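Student: Input: one structure, supplied below.
The values are calculated or read from the model by the stated rules, or taken from the named source; none is laboratory data. What you are looking at is a predicted structure, and each value in this text was computed from that prediction instead of being measured. In this analysis, Cβ positions are derived from the backbone assuming ideal geometry, glycine residues included, and neighbour counts consider all displayed protein chains. All accessible areas refer to the heavy atoms of the entire protein, side chains included, with ligands and DNA or RNA removed. Shrake-Rupley method; radii C 1.70, N 1.55, O 1.52, S 1.80 Å.
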There are 2 protein chains.
Amino acid sequence: MARVLIIGAGGVGQVVAHKCAQVPEVFSDICLASRTEAKCKKIAAQLSRPIETAGVDADNVPELVALIRRFRPDVVINVALPYQDLHIMDACLETGVHYVDTANYEPPDVAHFEYKWQWDYQARFKERGIMALLGSGFDPGVTNVFTAWAKKKHFDTIEELDIIDANAGDHGMPFATNFNPEINIREVTANGKFYCDGAFVETKPMEISKVYDFPAGIGPKKIYLLWHEELESLARFLKPHGLKAARFWMTFSDNYLKHLEVLQNVGMTRIDPVMYNGHEVIPLQFLKALLPDPASLGPLTKGKTCIGCLIKGTKDGKPRRYYVYNICDHQEAYREVQSQAISYTTGVPAMIGAMMVATGTWKGTGVFNMEDFDPEPFMQKLNIHGLPWTEQFLEG
Amino acid sequence: MARVLIIGAGGVGQVVAHKCAQVPEVFSDICLASRTEAKCKKIAAQLSRPIETAGVDADNVPELVALIRRFRPDVVINVALPYQDLHIMDACLETGVHYVDTANYEPPDVAHFEYKWQWDYQARFKERGIMALLGSGFDPGVTNVFTAWAKKKHFDTIEELDIIDANAGDHGMPFATNFNPEINIREVTANGKFYCDGAFVETKPMEISKVYDFPAGIGPKKIYLLWHEELESLARFLKPHGLKAARFWMTFSDNYLKHLEVLQNVGMTRIDPVMYNGHEVIPLQFLKALLPDPASLGPLTKGKTCIGCLIKGTKDGKPRRYYVYNICDHQEAYREVQSQAISYTTGVPAMIGAMMVATGTWKGTGVFNMEDFDPEPFMQKLNIHGLPWTEQFLEG
């Protein structure tokens, strides 16, 4: 029986609250906190059992500490913005409470997608006798667990890892981003990067693409090579086991890329201020003010997501190709937790990660990535809590 | 020998100043005025002979009247914004000075492209014993003169008039508008409209298009049906002579339309204010702040414009098809007047219109459109002053 504090009441926070509330045998007491407490109360009203709510500025460590001291959680789930990871980790250190998040810390001024800042907390978490579980979303998160599972169960050596993320959903709007538009656009306008023969190789944004034929009726879609944070930890993890290449791929529709290209051409993705009538306007933030609120897309989105790992290696001296993936349906997710699959696939693993920590199934002191633990209990929980997975052994 | 006051020091004002300065036998004295006098001084410094400059707010009638009383022009050329036409006409009425412009008045809040407001000045200009010459640019302007010329010289009846405007220039930028982006975008996002069998028929924006094969090596280009103000006066003009259809067409590249579509989709062409950090931001005006200054495109633009009239009718009882057009080269225009062909093709006819008025070649009291006068002297001046035209009798 554990007490959990969830920080962040956006789309993912809503899913985490729903999923924690569904497991009272683990999460006896839940508090949902956000800068705007009204958002927490709105989510609380959807749930099958009562939870606490609180208003907190996640950039304000003393405020966070006071909230943690008041609610006394066993574990904190951070699903606020990536800019706030370090403040919440600081508050956990000060209060001696375990920490779980879904996305790596990012400085507000420039997109990095690196674990450096959070891995630097290793010694402090160890000394304090608590654990931080980093990146317990889908990608990173489940993709790391899939990889650890493949390595444990099906491979002696792993030479190639391709993480492939398809959102084959359609919200019916001419253009909208599925989560915070600022983060979304930062991700796809950044340079690409992948692991190759011991080093990371940079590409121009969206420079490398190919067509991938997805299962479950999704069919062939164009996928683009992006940098994604789990490649950093997974390359480190698989290096001693023969890794030659690790890549991350994501689908983007031609329409989405057309909009992005134009917005870049006219300067609307800039994050430096532009003077307008005597006031500073940051184009990307003004764009966010113009676009539909991602939360409003939930009830409109149809179709599926498909995220998985395609792995090439050897078992018992023989070459092997293996694909493990999850299919999540936007409308089914919305029916269950009033959020579409993008939030659902991130929120469910955040709950399961907190469950691993709260129950002591995953145990340790220091800062951990998902592949550092035994994947088996996590893989079981995925099947139980809404993200069932499928594995295939492929020819050729 | 006449004194001319030019109001407006944008791209077109610059061309008008250059071209008036080239004709000292007509324009003995020139004053160039604009809200920002520094812009006038910069243009004055390019010219072969000295001119006066002045600062004036073209929305402020008393300021305009004071300037007119001080400089005592015989004719005022208005190449400021279309929002300012009526203020400048008011000042001409008060001072008894002839008026010439290149674009119809437009209320700031919504795009109309109608002569209504300016035609309402008819009685007042008549009583005051002065003339207003409306729309003495290229289109409207030369296109009206081309039509009047065709009717006078080559046709007994005119059944169809197609005005076709191609900008086959390339500024090498991913996206930029050739003149004031706000006016430019208003024009192409407005509904289309054309004259058909006695009435005007509306279309959705850019609903009707076809491919037209342009002369002078430009070749086939996609043209789109737009509403353009000269259709209003030319339909009235040709109605008694058998007119069945009158249409205006303009080329747009797929790339230009792609940018425009996306900017509309995300709301960047809206002209209503959006709240951003406690301040009102009008998206279309913010877009203007982001895009390259149209004046900066001058030195970059290569290629040609081709604007002309394709006319179908009868002569001596036999069917006839006739095409009259001008070709203008962006780089040649820039070498001569430091502005590309879009400004050049508007500014030269403004000078010629003022010349017609100043020399009494075109004479009258009241408000006139270009086709109300004998086209012959204007057609001659086009050949002399940089906009030579070609006519073709077509088969079929």
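Student: In square angstrom, rounded to the nearest 10, how much accessible surface does A:Asp213 have for a 1.4 Å probe?
Tutor: 110
Student: Now, a different point. So which residues in the range B:237-282 end up with at least 20 square angstrom less accessible surface once the other protein chains are there, compared with the chain by itself, probe 1.4 angstrom?
Tutor: Relative to the lone chain, where solvent access is computed with a 1.4 Å probe, the range B:237-282 loses at least 20 Å² at B:Lys258, B:His259, B:Glu261, B:Val262, B:Leu263, B:Asn265, B:Val266, B:Met268, B:Val274, B:Tyr276, B:His279, B:Val281.
Student: Find out how many positive minus negative residues lie around B:Ala168, taking Lys and Arg as positive, Asp and Glu as negative, among other residues whose Cβ is under 11 Å from that of B:Ala168.
Tutor: 0
Student: DSSP beta bridges in chain A, what fraction antiparallel, as a percent rounded to 5?
Tutor: Given both bridge residues lie in chain A, the antiparallel proportion sits at roughly 60 percent.
Student: I want to verify the translational diffusion coefficient of the range B:40-115 in µm²/s; compute it with Stokes-Einstein, Rh as the Kirkwood radius over Cα pairs, at 20 °C and 1.002 mPa s.
Tutor: On the way: Rh = 13.5 Å.
Calculated translational D: 159 µm²/s.
Student: Over the protein assembly as shown, with a single point scatterer placed on each C-alpha, what log10 of the ratio I(q)/I(0) does the Debye formula yield at q = 0.05, 0.07 1/Å?
Tutor: Log10 of I(q)/I(0), two decimals: -0.39, -0.67.
Student: Given Cα pairs under 8 Å that are at least 6 residues apart, what percent is the relative contact order of the range A:209-336?
Tutor: Computed value for the range A:209-336: 15 percent relative contact order.
Student: Which value, in Å to one decimal place, does the Kirkwood hydrodynamic radius take for chain B when every pair of different Cα atoms is included?
Tutor: 21.4
Student: Taking the alpha-carbon distance from A:Lys39 and a cut-off under 15 Å, which aspartates and glutamates remain once sequence neighbours fewer than 8 residues away in the same chain are dropped?
Tutor: The qualifying aspartates and glutamates are A:Glu52, A:Asp57, A:Asp293.
Student: Right, another one. Where the accessible area of the protein assembly as shown is counted over protein heavy atoms with a 1.4 Å probe, how much of it, in %, is carbon and sulfur?
Tutor: Values: 15210 of 30760 Å².
That fraction is 49 percent.
Student: Mean separation of Cα pairs under 8 Å and 6+ residues apart, divided by the residue count of chain A: what relative contact order is that in percent?
Tutor: Relative contact order of chain A: 21 percent.
Student: Kindly report, to the nearest 10 Å², the accessible surface of A:Lys302 as traced by a 1.4 Å probe over protein heavy atoms only.
Tutor: Approximately 120 Å² for this residue.
Student: Take the Cα coordinates of the range A:244-319, assign each an equal point scatterer, and use the Debye formula without solvent to give log10 I(q)/I(0) at q = 0.15, 0.21, 0.22, 0.27 Å⁻¹.
Tutor: Cα-only, vacuum Debye calculation for the range A:244-319: -0.81, -1.11, -1.14, -1.27.
Student: Calculate I(q)/I(0) for the range A:230-376 by the Debye formula, one identical point scatterer on each C-alpha and no solvent, and give its log10 at q = 0.14, 0.17 Å⁻¹ to two decimals.
Tutor: With no solvent term, the Cα-only Debye profile gives -1.05, -1.21.
Student: Which value in nm describes the separation of the simple spin-label points at B:Ile271 and B:Thr365, placed 7 Å from the Cα toward the beta carbon?
Tutor: 3.6
Student: Quote the total accessible area buried by chains A and B together, excluding ligands, DNA and RNA, probe 1.4 Å, nearest 100 Å².
Tutor: 2200
Student: If you count the DSSP beta bridges with both ends in the range B:142-341, what percent of them are antiparallel, to the nearest 5?
Tutor: Beta bridges within the range B:142-341, antiparallel portion: roughly 90 percent.
Student: So, one more: Return one whole number: the accessible area per residue of the range B:72-212 in Å², for a 1.4 Å probe.
Tutor: Values: 5060 Å² over 141 residues.
Ligands and nucleic acids excluded, the figure is 36 Å² per residue.
Student: If you don't mind, another one. If I ignore ligands, DNA and RNA and count only protein heavy atoms, how much of B:Phe155 is accessible to a 1.4 Å probe, in Å² to the nearest 10?
Tutor: My reading of the accessible area for B:Phe155 is about 10 Å².
Student: Same structure again: Size of the dipole of the range A:142-341 about the Cα centre, Lys and Arg at +1 and Asp and Glu at -1 on the beta carbon, nothing else charged, in debye to 20?
Tutor: 720
Student: What does the charge count around B:Ala358 come to, taking other residues whose C-beta lies under 9 Å from its C-beta (Lys +1, Arg +1, Asp -1, Glu -1)?
Tutor: 0
Student: Near the amide H of B:Ala132, under 5 Å away, which other amide H atoms are found, from residues 5 or more places off or on another chain, if H is placed in the peptide plane?
Tutor: Under 5 Å from the amide H of B:Ala132: B:Tyr99, B:Gly366, B:Val367, B:Phe368.
Student: From the label point of B:Asp120, set 7 Å along Cα to the beta carbon, how far off in nm is each other copy's matching point, shortest first?
Tutor: Values, ascending and in nm: 6.7.
Student: Give the span of the range A:142-341's Cα atoms along each principal axis, as three whole-Å numbers ordered largest to smallest.
Tutor: Ordered largest first, the range A:142-341 gives principal extents of 68, 40, 26 Å.
Student: Given the range B:208-262, what count of lysine pairs have C-alpha atoms under 28 Å apart, with each pair 8 or more places apart or on different chains?
Tutor: Summing the qualifying lysine pairs gives 9.
Student: Ordering A:Ser233, B:Ser48 from largest to smallest accessible area (1.4 angstrom probe), what's the sequence? It would help to have the intermediate numbers written out before the result.
Tutor: Details: A:Ser233 0, B:Ser48 110 Å².
Ranked from most to least accessible, the order is B:Ser48, A:Ser233.
Student: Between A:Lys210 and A:Ser296, what's the calculated FRET efficiency when r is the beta-carbon distance and R0 is 51 Å? Round to 0.05.
Tutor: Efficiency for this residue pair is about 0.95.
Student: Something else now. Can you pull the one-decimal nm distance between simple spin-label points at A:Ala123 and A:Glu52, each 7 Å off the Cα toward Cβ?
Tutor: For A:Ala123 paired with A:Glu52, the spin-label model returns 3.4 nm.
Student: Which of the three applies to the range A:211-254, rounded, prolate or oblate, going by the alpha-carbon gyration tensor with a ≥ b ≥ c and a/c under 1.5 meaning rounded?
Tutor: prolate
Student: Another one. If you consider only alpha-carbon coordinates, what radius of gyration and Dmax does the range A:72-133 have, in Å?
Tutor: 11.2, 34
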